[in-house]
Every structure is written in structure tokens, then in C-alpha cells.
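The values are calculated or read from the model by the stated rules, or taken from the named source; none is laboratory data. For clarity, every value in this text was computed on a predicted model and none was experimentally measured. For neighbour counting, all protein chains shown are included, and Cβ atoms are generated from backbone atoms with ideal geometry for every residue, glycine included. All accessible areas refer to the heavy atoms of the entire protein, side chains included, with ligands and DNA or RNA removed. Shrake-Rupley method; radii C 1.70, N 1.55, O 1.52, S 1.80 Å.
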Amino acid sequence: MAPDFELADTTGTKQKLSSFRGRRVLISFFQFAACPVCAYNIDRMQQQIDILEQAGIVTMCIYASKPHNASKFSNASKGTLVLSDKKG
């Protein structure tokens, strides 16, 4: 089991990993929201989002960027929780 953490999503709402206890969670870590390699990898994940959701997998993208940058540059949308580990 992963250690619990709490991070803000792109709206500023705090999200705790423990709130997803009992569910399978795919967590992807990205350095910067504006990184083109990160955008490519998220796009690839988004192409598979329907399959992941059907399998009961929750997807999270965690950026080492401020929340407004994660929101602005992230192409993760449908079904993916975008979190930031930097203060806004």
C-alpha cells in the first residue's frame, strides 16, 4: 500500500490518496506541465482512458508545477485527476 498524501487539484481542491482506498490507482509523475515529453505521455494515456476506466482504474497525473500551470498546459482531461505538488 502506498503512503497517503494530499495535493491540490487544478481547482485548488485538496485530494487525498486515501480517499481512493480499495480502488486501483495509476499515478503518473511529471516534472513540468509545459514539458512536451510529458504532454506526449499524457496524450498516450488519454488514448487508453476508456479501457482504464472500464478496468476500474483511477488515473492521476501529478506535476511538479504550480496548479495554474498544470491546468493551463495539461492535456489530461476526461477521467484523469490532475494534481500539483507546488504551492500556487
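Residues in segment 1-12 that are modelled with pLDDT under 90 and not acidic (Asp, Glu): Met1, Ala2, Ala8, Thr10, Thr11, Gly12. The numbered conditions (1) open to solvent by 30 Å² or more (accessible area, probe 1.4 Å); (2) modelled with pLDDT under 80 are all true for Ser74 except (1). Taken over segment 12-68, the criterion of being more than 15 Å from Val82 (Cβ to Cβ) and among the polar types (S, T, N, Q) is satisfied by Ser18, Ser19, Gln47, Gln48, Gln54. Taking the chain as the region of interest, the strands (runs of 3 or more DSSP E) fully inside it that hold 1 or more residues being of a type outside the set (Gly, Ala, Ser) and within 10 Å of the chain's Cα centre (by Cα) are 6-9, 24-30, 57-63, 80-84. Can you name every residue in segment 13-42 that is of a type in the set (Gly, Ala, Ser) and modelled with pLDDT of 85 or more? Result: Ser18, Ser19, Gly22, Ser28.
When the residues of segment 27-46 are filtered to those that are open to solvent by 70 Å² or more (accessible area, probe 1.4 Å) and of a type in the set (A, V, I, L, M, F, W, C), the one that is nearest to His68 (Cα to Cα) is Phe32. Pairs linking a residue in segment 49-71 that is of a type in the set (Asp, Glu) to a residue that is open to solvent by less than 20 Å² (accessible area, probe 1.4 Å), with Cβ atoms under 9 Å and 6 or more positions apart or on different chains, are Glu53/Thr59.
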